Number of protein chains: 4
Amino acid sequence: MPRTTTYRVRVEFGDCDPAGIVFFPNFSRWMDAASLAFFMQCGLPPWRELARTRGIVGTPLLEIHTRFVKAATYGEELVVATQVEEWRAKTFTQVHRVTRRAADGTEELICEGRETRAFVRRDAEDPDRLRAMPVPEDIRALCT
Amino acid sequence: MPRTTTYRVRVEFGDCDPAGIVFFPNFSRWMDAASLAFFMQCGLPPWRELARTRGIVGTPLLEIHTRFVKAATYGEELVVATQVEEWRAKTFTQVHRVTRRAADGTEELICEGRETRAFVRRDAEDPDRLRAMPVPEDIRALCT
Amino acid sequence: MPRTTTYRVRVEFGDCDPAGIVFFPNFSRWMDAASLAFFMQCGLPPWRELARTRGIVGTPLLEIHTRFVKAATYGEELVVATQVEEWRAKTFTQVHRVTRRAADGTEELICEGRETRAFVRRDAEDPDRLRAMPVPEDIRALCT
Amino acid sequence: MPRTTTYRVRVEFGDCDPAGIVFFPNFSRWMDAASLAFFMQCGLPPWRELARTRGIVGTPLLEIHTRFVKAATYGEELVVATQVEEWRAKTFTQVHRVTRRAADGTEELICEGRETRAFVRRDAEDPDRLRAMPVPEDIRALCT
C-alpha cells in the first residue's frame, strides 16, 4: 500500500455557508493543505527552502476531481487521508479521502478528491512564468 | 446552444498564494458564484426566498471536475461563462469556462469546471438534514 | 485573571499571499474561530443548538481592533489565547493574543485583536433580522 | 477633500455564514482589495512591478480598526469608498467606508475600517524579511 499521511481539520462556523454546511471550496483548501502536509511528513523541506535551493516553487494542480458524499458542519472534526496513487514522468495523482468518525464509531466518507499535480520551477529567463519539471527522483523515493 | 451567462472576476492580491498565482480553491469559489448568478440571471429568486416559499435551500455539489490550463494572477480580469450541459431527473451538470482576454485580443482558457449539482430542501422532520429533490420543472424551463 | 482558552493554528501555504506572509483577514478568521472555541470550552452548546433552544444565532462583531506586530508564514504553528476582558449589559469585549514559539523557546507576539461582540437572536416577526439581546446571565457565569 | 476611489463588491452566498450574513473577515478582504485598487487608480503600477523595479512588495497592515454597523447578505452590492486620511513619515492611515444603497435610494453604512499601513521592501541580506521604508514621495504625491 502506498505511504499514507493524515491531516486533521476542525470545521469552523466561518467555513460554513447559509445552508449551515461546509462551503465546498474549503474542502479544496483542506486537500491542498493535506497535499503539502503529505510532502512535509515524507521528509521534504518547505517550498520556501526548495525554492531557494532547487527552484521548486510548489506543485500546482493540473486537474481535480472531487465527489461529495455527505455534508459536514461546524463543530465536527474531519480527517484527510492522503496518498500518491500514481507517479508519471512529469505529473502525479494524489488522492485525499475526507472522513468523519460517526457517533457509533464507524468512519463516514464525506468526500474524496483526486488531484493531478506537477512540480514547477520559475522560468530562468522570465521568473514570473512557472514551468513543469520532471518529478525529482529523490522526492519520489521519499514519498513512496 | 444552451443558455449561457457570464460572471466577471477581478483577481485580487489576496486571492494569490506565495507562488504569485491564484490559490486554486478560489476558482471553485468563483464557479460557485457563477452557478448562482446563472440561476439569478435566468430569473430565479434568491435562495433565501426559495427557502421560505418552497423549502429549496440551494444546489450543493455532488461532484466537481476541474482542469487547470493556465495560471492567473492579481490585476487580471477573468470571465466565467456558465451553462447547464445536462439535466437529469434529480441532478444536473453545470459547466464553467474561465477565460482571460490576452494582450492580442484572443481569449485564453484558464480553467474549466464541470459540476454535478442537485436541488435540496430541508427534511420535514429533521431540519438539519438536507435532502435531494427532483429538479423543479419550472426552474428547468427558466434555465434552458 | 479571567478565564483563558487557547486555540492552535497551523499556517498553511494557501493562507499566505504573494509576499509570502499570512494574508491578514485570515487572522480575523482564526480569532473568530478562537472566539467560538472559547465559548465551547467554557461549556456552551453549539450555536446550532442555542439557535433551536433559545434563539441565539451567534455573537456577531460590533467592532474589531487589531495590531499586527510580526508577520507569520506557512509551516508555522500559532497559538491564539482568548479571554473576555469586559462584560457589559448588551456587549462584551474579547481579546485574542496570537503568539508563536520562537526558536529560542520564547513567545513572540504576532498580533493582538480586541473584539466587541453582542449576542443576537432572530427577530420574532422578521426572521431575517438579527437583534442584539442582553448578555445571558448563565452564559456569562460559565465564561468568567 | 482627499482623493477618494470606489470599489464595488457583490456579496456572494459563499461569503455568508450559517447566520446568513457576511462572515466578517470578508470585509477585511474587500478593504484590502479596495486599498490596492486605490493605489492602482491613483496611477501606481502593480506590486509585482514595484517589487522588481523598486523592491516594494506591498503595504502590509500595522493596525486595523473596524466598526460594524449593519449586516449585509448575499445578492447585495456594496460600495467601498477609500481614501488616505493621514500620511506620516513611515506609515499612513487609509479609511474604507462600506455602504449599500437602500431600497429608498439612501446610502446605508455597513461598516467602516481604518487601516494603518506601511510600505515594505525585502531586506537586502535576508529576502525572507520584510522591512518598513519611508513613504515614497512620488507615491504620496500621486495619491493625494
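Here are the numbers:
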| read-out | value |
| --- | --- |
| Test result for A:Ala81, more than 21 Å from A:Arg131 (Cβ to Cβ), in a strand (DSSP E or B) and among the small types (Gly, Ala, Ser) | yes |
| Identity of the residue in the range B:12-47, part of a loop (DSSP other than H, G, I, E, B) and more than 14 Å from chain A (Cβ to nearest Cβ), that ends up modelled with the lowest pLDDT | B:Pro45 |
| Failed item, numbered, when D:Glu86 is tested on (1) in contact (Cβ under 8 Å) with a residue 60 or more places away in the chain; (2) open to solvent by 10 Å² or more (accessible area, probe 1.4 Å) | (1) |
| Answer residue from the range A:92-108, given it is open to solvent by less than 30 Å² (accessible area, probe 1.4 Å) and not hydrophobic (A, V, I, L, M, F, W, C) and is farthest from A:Leu62 (Cα to Cα) among those | A:Thr99 |
| Pair list, Cβ < 6 Å and 6+ apart or interchain, from the range B:48-71 residues that are facing chain A (nearest Cβ under 7 Å) to residues that are open to solvent by less than 30 Å² (accessible area, probe 1.4 Å) and assigned to a helix (DSSP H, G or I) | B:Gly58/B:Trp47 |
| Single residue of the range A:109-126 satisfying the filter (within 14 Å of chain B (Cβ to nearest Cβ) and acidic (Asp, Glu)) that is surrounded by the fewest Cβ atoms within 10 Å (Cβ to Cβ) | A:Asp126 |
| Entirely in the range C:84-144, the strands (runs of 3 or more DSSP E) that have 2 or more residues that are within 14 Å of the chain's Cα centre (by Cα) and within 17 Å of D:Arg67 (Cβ to Cβ) | C:92-101, C:107-117 |
| Matching entry among C:Tyr7, C:Tyr74 (being open to solvent by 10 Å² or more (accessible area, probe 1.4 Å), under 30 Å from A:Phe38 (Cβ atoms) and part of a strand (DSSP E or B)) | C:Tyr7 |
| Qualifying residue in the range A:27-34 (condition: of a type in the set (Lys, Arg), open to solvent by 20 Å² or more (accessible area, probe 1.4 Å) and free of Cβ contacts under 8 Å to residues at least 60 places away in the same chain) | yes |
| Pairs, first acidic (Asp, Glu) in the range C:1-20, second part of a strand (DSSP E or B), C-beta under 9 Å, six or more apart | C:Asp15/C:Val9; C:Asp15/C:Val22; C:Asp17/B:Cys16; C:Asp17/D:Gly58 |
| Filtered residue count, the range A:105-127, keeping only those that are without any contact (Cβ under 8 Å) to a residue 60 or more places away in the chain, under 30 Å from A:Thr53 (Cβ atoms) and of a type in the set (Asp, Glu) | 3 |
| Hits in the range D:48-60 (condition: open to solvent by less than 30 Å² (accessible area, probe 1.4 Å) and not in a helix (DSSP H, G or I)) | D:Gly55, D:Ile56, D:Val57, D:Gly58, D:Thr59 |
| Meets criteria (over 17 Å from C:Pro25 (Cβ atoms), in contact (Cβ under 8 Å) with a residue 12 or more places away in the chain and of a type in the set (A, V, I, L, M)) for D:Val98 | no |
| Matching residues in the range C:70-119 - criterion: being of a type in the set (S, T, N, Q), more than 19 Å from C:Asp15 (Cα to Cα) and modelled with pLDDT of 95 or more | C:Thr82, C:Gln83, C:Thr91, C:Thr93, C:Gln94, C:Thr116 |
| Residue under evaluation D:Arg129, criteria (1) within 14 Å of chain C (Cβ to nearest Cβ); (2) open to solvent by less than 60 Å² (accessible area, probe 1.4 Å); (3) closer than 30 Å to C:Gly20 by Cβ, criterion not met | (2) |
| Residue match in the range B:88-103 (condition: under 18 Å from A:Val22 (Cα atoms) and touching a helix residue (DSSP H, G or I) at 6+ places or on another chain (Cβ under 7 Å)) | no |
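The values are calculated or read from the model by the stated rules, or taken from the named source; none is laboratory data. This structure is a prediction, so every number in the text was calculated from the model and none was measured. No Cβ is skipped: glycine too gets one built from the backbone with ideal geometry, and neighbour counts run over all protein chains shown. Note: areas computed on protein heavy atoms with side chains; ligands, DNA, RNA excluded. Shrake-Rupley method; radii C 1.70, N 1.55, O 1.52, S 1.80 Å.
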